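Below is one structure, written out as structure tokens; comments come after it.
The values are calculated or read from the model by the stated rules, or taken from the named source; none is laboratory data. Everything numeric here is computed off the predicted structure, so don't read it as measured data. Every residue, glycine among them, receives a Cβ derived from its backbone with ideal geometry; neighbour counts consider all protein chains shown. The protein model used for the area step is the full one, side chains on, heavy atoms only, and it has no ligands, DNA or RNA in it. Shrake-Rupley method; radii C 1.70, N 1.55, O 1.52, S 1.80 Å.
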Amino acid sequence: MGSNSSRISDLLENEYLKKLSGTESISENDPFWNQLFSFSFTAPTSSTELKLLEERTVSVCKSLVENNPRTGNFGALIKVFLSRTKELKLSAECQNHIFIWQTHNALFIICCLLKVFFCQMSEEELQLHFVYEDKSLGSYDSESEDLLEELLCCVVQLITDIPLLDITYEILFEAITTMIVFLSCQLFHKEILRENINQKYLMQGACLPYTSKLVKTLLYNFIRQEKPPPSGAHVFPQHSDGGGLLYGLASGVARLWTVFTLGSVGSKTAAPPQLSSPLANQSLLLLLSLVNLTDSPCAPNPYRQAMMSFKNTQDSSPFPSSSPHAFQINFNSLYTALCEQQTFDQAATLLLYTLLHQNSNVRTYVLARTDMENLVLPILEILYHVEERNSHHVYMALIILLMLTEDDGFNRSVHEVILRNITWYSERVLTEISLGSLLILVVIRTIQYNMTRTRDKYLHTNCLAALANMSAQFRSLHQYAAQRIISLFSLLSKKHNKVLEQATLSLRGSLNSSDTPVPDYAQDLSVIEEVIRMMLEIINSCLTNSLHHNPNLVYALLYKRELFEQFRMHPSFQDVMQNIDLVITFFISRLQQDGAELSVERVLEIIKQGVVALPKDRLKKFPELKFKYVEEEQPEEFFIPYVWSLVYNSAVGLYWNPRDIQLFGMSSD
């Protein structure tokens, strides 16, 4: 296979691949390596082509697995790459395109082979391929014992030390992809990996000093959203003397970057076209993978520590001694990137959740922003399009809202932000509405969708908790938001009556037939009554704390007052109904004094006047409604599979064979 070959189908007969995987040992100084690293190749642009690439190289990989313990060619390949990386930084400064191109191709070959090794081998078998004993000399190369760690550390240094330029974009992308491959063992296990050789090297070995620098670099890659260089910007002429394997095999210098979802055949969802920066996307996936590694037996995850403790560049206070991996980053740039990426990138939503939950510096900064709508609106849009979203994405968005509503300042400020013409909200034209009222509308819509479709108690609980946290600070509720609050209560009331009727009929039937099993309507009734009480507490909290700010809610309450009649004497709701009943009775009396036929405007005017006259001391005080997000006892059981499902579906330039995937039932069988 010479330099003119440029099809995937030619790989099967490639002489350089055959030599690499053959029975002959290749010296690190052999000119073969320059030939191997210089081959021009048309880049695959689809999952189908990447699958074909794997199929065409399977015999090569099989031969290498069989012969490498005797030839040590894989170790030689790694050593050649390691020697080249020492000159990479200088090559970038000198614009040495050829050297960077060849080094990139060397790393790509290593990455492809590692992916096969991690997929098919145990940890013990894998380590054998990084250790080579020259039996002809009867010697043992002790230096090769740590070749795996040396490679891993070298890739980390490459990511952190090489500047991001047009000519280094591809090799930095490939280095990050290689790191993901290093961690990809999790994809091939049903259980959570808690001890792994690569995790050990990353968290305890020579890579440890680079922890904060790596996290910072990956965050800045995400912040910068750097687009790849124009296609064909650095194309080199083919050499007449033949060439090596992979000029752009899947991500060469002239890589076709127009396809961003090469991750997997059988992926449930495709990455949207807005993901215009493969490097930023891949950096984010690697960052989330590192942060969600389980703690080692003797030390906590340093990448999670770094994520928890970094500060704003404007913060001049000293780092505490308990934060060994802390660093500084520009919070304004980070906030902007988070806002821009939320709507269409699950990984960005997971990053926002991680930062708000684990980094108090970021959380304080976000809550102090005066342009909160830039962050909240994309989160609301995720919830609004719940039918189109992955359930995990919806959960993350909802938990983010719950965490934000724990802050009273946030709950007040969202009602001060006035929005105009929300184009994605299609139920009704909203020419002008406060961010707080829009938030209420979207959360109520999510509850109603959940009641009719998924019936997920966890989703219900968190939606109601967010509304409850806000209720005492409801201000100037939009009339449509006030109507939707009462409409939701109406829906719950109807559901309660239906379940109660079914329970009564079921009980009568069970008396006539002792053999027929009785459905557990008591449990259903208990759940619906719990939700109804929560809604009554939310309405009560608003009336008790901010009645004078919400005439539209009082109007909606009076208009649908018959809904509350049946709950007035109900033992489960009697206490919380006292204030609601008092408000309804008081305002109905004032309206009746004014005559029978009243316009909407006149009713609202009477309500506004009556608020002043209402005896506040007659309103019973209840404890303030406050709910905090509490993470599950074993969060890794949720987050690690979630992160790796994102990698499986979104990783650019990687094909994961569905039949090999074991993580939480993702395998094809």
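Filter the stretch 442-488 down to the residues that are basic (Lys, Arg) and in contact with a helix residue (DSSP H, G or I) (Cβ under 6 Å, 6 or more places away or on another chain), then identify the one that is surrounded by the most Cβ atoms within 10 Å (Cβ to Cβ).
We begin by selecting, within the stretch 442-488, every residue basic (Lys, Arg); these are 445, 453, 455, 457, 475, 484.
Pick out the ones that are also in contact with a helix residue (DSSP H, G or I) (Cβ under 6 Å, 6 or more places away or on another chain) and you get 475, 484.
Values: ARG475: 18, ARG484: 24.
It comes out as ARG484.
Scanning the stretch 404-441 for residues that are surrounded by fewer than 21 Cβ atoms within 10 Å (Cβ to Cβ) and touching a residue at least 60 places away in the same chain (Cβ under 8 Å) gives GLU406, ASP408, ARG412, LEU435.
Are any of the residues in the stretch 222-229 at pLDDT 95 or above, in a helix (DSSP H, G or I) and open to solvent by less than 40 Å² (accessible area, probe 1.4 Å)? For the stretch 222-229, residues at pLDDT 95 or above, in a helix (DSSP H, G or I) and open to solvent by less than 40 Å² (accessible area, probe 1.4 Å): present. For the stretch 617-644, the tally of residues that are assigned to a helix (DSSP H, G or I), in contact (Cβ under 8 Å) with a residue 60 or more places away in the chain and more than 43 Å from the chain's Cα centre (by Cα) stands at 0.
Looking only at helices (runs of 4 or more DSSP H) that fall completely inside the stretch 17-107, which ones have 1 or more residues that are surrounded by 15 or more Cβ atoms within 10 Å (Cβ to Cβ) and within 36 Å of the chain's Cα centre (by Cα)?
Details: elements: 32-36, 47-71, 73-85, 88-93.
Output list reads 47-71, 73-85, 88-93.
Taking (1) more than 21 Å from GLN282 (Cα to Cα); (2) open to solvent by less than 30 Å² (accessible area, probe 1.4 Å) in turn, GLN662 satisfies each apart from (2). Listed by position, the helices (runs of 4 or more DSSP H) contained in the stretch 298-372 that have at least 3 residues being touching a Lys or Arg at 6+ places or on another chain (Cβ under 7 Å) and either under 30 Å from ARG412 (Cβ atoms) or open to solvent by 10 Å² or more (accessible area, probe 1.4 Å) (or both) form an empty set.
The set of residues from the stretch 178-192 being among the hydrophobic types (A, V, I, L, M, F, W, C) and over 22 Å from LEU113 (Cα atoms) comprises just one member, ILE192. Annotation: of all residues in the stretch 606-616 being among the aliphatic types (A, V, I, L, M) and part of a helix (DSSP H, G or I), the one that is most open to solvent (accessible area, probe 1.4 Å) is VAL612. The single condition among (1) modelled with pLDDT under 90; (2) closer than 25 Å to ASN462 by Cβ that MET569 does not meet is (2).
Selection of helices (runs of 4 or more DSSP H) fully inside the stretch 400-512 by the criterion of at least 2 residues being of a type in the set (Phe, Trp, Tyr) returns 479-512.
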